[in-house]
Amino acid sequence: MVNINGLAVLLTGIEVVVLVEWLRLTTTAAAGVAAGFLVVGILIEELVRFRGIKGRLPQARELGLVAAGVAVEAVAWILPLVLKTPGWQTFAIVFVGLDVEHAIINLATTGTFSLRRVADFTAVEAVGGAIWLTSPSAITIAILAVASVLEHVQGVRQGLHLRD
C-alpha cells in the first residue's frame, strides 16, 4: 500500500526545491539553463510520482504523456515571468497550465483525462504558486509548500483511484 502522505511530502519537497532554485537561476544563469533545470526537475518529480503510484516507471505511451505534462507545467511557470504578469494573471496562467498538466498526468497514471476532475486541487496549487511567483520570499515559499502538499495528497489519491 502506498503511503499517500509520505509520497505527497516527498513530491512537495522535490517540487519546492526545483521551483525555488529555478527562480534563483533565472537571475544568475542563462534562460535556457534555468528552463532546462526546471524541466528536468519537474520530470524527476513526475517520475517519482508515477513510480510511487504504479510501482514502476512509465512505459512508452505513459512516458510520452508524462513528458507532455512536464512541458505544459514548465510553460505554466515560465510564462508569467516572461510576460511580467500581475498576481491575478499569474494565477490564471498557472491555473490553466497546471490544470492541463494534472489532467495529462492523470491520463498517464489512470487512463482518464478530465480537466474538471483535477480543477479543485489545481486551484489550490495555483494560488500558492501565484503568491510565491509574484512575491518570492521565505513566507511565500512556505505558502507554496503548503499548497503543494495539499495538491499532491489529492493528486496521489486520484492516481490511486481513491478520489472521484
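Among the residues making up the range 22-39, those that are surrounded by 14 or more Cβ atoms within 10 Å (Cβ to Cβ) and modelled with pLDDT of 95 or more are TRP22, LEU23, LEU25, THR26, ALA34, ALA35, GLY36, PHE37, LEU38, VAL39. Within the range 104-119, the residues that satisfy the criterion of being surrounded by fewer than 21 Cβ atoms within 10 Å (Cβ to Cβ) and within 20 Å of GLN59 (Cβ to Cβ) are LEU107, THR110, GLY111, THR112, PHE113.
Looking only at the range 136-145, residues that are in contact (Cβ under 8 Å) with a residue 24 or more places away in the chain and either small (Gly, Ala, Ser) or open to solvent by less than 30 Å² (accessible area, probe 1.4 Å) (or both) come to 2 in all. Can you find even one residue in the range 146-164 that is of a type in the set (D, E, K, R), within 21 Å of LEU23 (Cβ to Cβ), open to solvent by 20 Å² or more (accessible area, probe 1.4 Å) and not in a helix (DSSP H, G or I)? Scanning the range 146-164, I find no residue that is of a type in the set (D, E, K, R), within 21 Å of LEU23 (Cβ to Cβ), open to solvent by 20 Å² or more (accessible area, probe 1.4 Å) and not in a helix (DSSP H, G or I), so the answer is no. For the range 41-57, the candidate set comprises residues that are open to solvent by less than 20 Å² (accessible area, probe 1.4 Å) and out of contact with any Ser or Thr (no Cβ under 7 Å at 6 or more places or on another chain); within that set, the residue that is farthest from GLU125 (Cα to Cα) is GLY41. Criterion applied to GLY159, GLY128 was being in contact (Cβ under 8 Å) with a residue 24 or more places away in the chain and small (Gly, Ala, Ser), and the one residue passing it is GLY159.
Here is a yes/no grid of residues against (1) touching a Gly at 6+ places or on another chain (Cβ under 6 Å); (2) closer than 26 Å to PRO136 by Cβ; (3) open to solvent by 70 Å² or more (accessible area, probe 1.4 Å); (4) of a type in the set (A, V, I, L, M):
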{"position": "LEU10", "(1), (2), (3), (4)": "no, yes, yes, yes"}
{"position": "VAL16", "(1), (2), (3), (4)": "no, yes, no, yes"}
{"position": "ARG61", "(1), (2), (3), (4)": "no, no, yes, no"}
{"position": "VAL72", "(1), (2), (3), (4)": "yes, yes, no, yes"}
{"position": "TRP77", "(1), (2), (3), (4)": "no, yes, no, no"}
{"position": "LEU83", "(1), (2), (3), (4)": "no, yes, yes, yes"}
{"position": "GLY97", "(1), (2), (3), (4)": "no, yes, no, no"}
{"position": "VAL100", "(1), (2), (3), (4)": "no, yes, no, yes"}
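The values are calculated or read from the model by the stated rules, or taken from the named source; none is laboratory data. The model shown is predicted, which means the values in this text are computed figures rather than measured ones. Cβ: placed from backbone, ideal geometry, glycine included. Neighbour counts: every protein chain shown. Keep in mind that these areas ignore ligands, DNA and RNA; they rest on the heavy atoms of the full protein, side chains included. Shrake-Rupley method; radii C 1.70, N 1.55, O 1.52, S 1.80 Å.
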